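In what follows, a single structure is set out as structure tokens and then discussed.
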Amino acid sequence: MTRASRVAGVVLALLAMQPVQAAPAPVPPPPDQPVIDCARPVYAIDTMICDDRDLGAANAEVDGLLAGLSFAGLDPGWIEPQADWVRRRALCAFQPDGRACVADAFAERLAILRALRGAGGATATWARCRSTNLPEEVAVERRPPAVLLRGAGGGVRVVAVAPGMSSWRPFVAIERDTGRQLVMKAKAARISCKIAAAVR
């Protein structure tokens, strides 16, 4: 055995004794909290929102609208649960238009929460709709930027908004609203409605 091969053997033995460095731990998902605590931001998205006056105000308004609001009885296929929305909004941090993405996410969420808090009162029309898990006849209310569908008992069944210019995509998007025909699309289903006469 040559001296070079002995040195190589020693080097290999020393390398084998070195602790194996594990890959860096993956970034954990955002905590399951309904709104960001700006006193203790955790992620880059938290800092982006808390350091921006308009986004911070939107975060605070979401917090106020959520107080005492229950999502029980709402179809998660048509009204996105808050925790799911928070996780989806966190992905805006990876978009080139991160701030615009977050702004559109808040605009959509505020429209939904305001609709769930509202008692009606907006001008509504009856519509006959085709979709799964939705009554055939619903009341359609336009509350810009949102369109709501209410069931016969007055409860909100669907809230849709038109997509903005950012990378954010609404959970339920308005695809077409001609005044006589309304088409909305969620992840797995589409609603097509023909508008009838005003109901109130």
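Read the figures in this text as sums done on the coordinates, not as results from a lab. Since the structure is predicted, the reported quantities are computational estimates derived from the model, not experimental observations. Note that each Cβ is placed from the backbone with ideal geometry, even for glycine, and that neighbours are counted across all protein chains shown.
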What length, rounded to one decimal in nm, is gained on full extension from Val183 through to Thr123, with 0.36 nm per residue of separation minus their alpha-carbon distance? 19.7 nm
Taking every eigenvalue of the Cα gyration tensor of the range 44-198, multiplying by 5 and rooting it, what semi-axes result, largest first, whole Å? 28, 16, 13
Estimated FRET transfer efficiency when R0 is 35 angstrom, pair Ala72-Asp51 (beta carbons, to 0.05): 0.50
The range 44-198: antiparallel bridges as % of DSSP beta bridges, rounded to 5, reads 95 percent
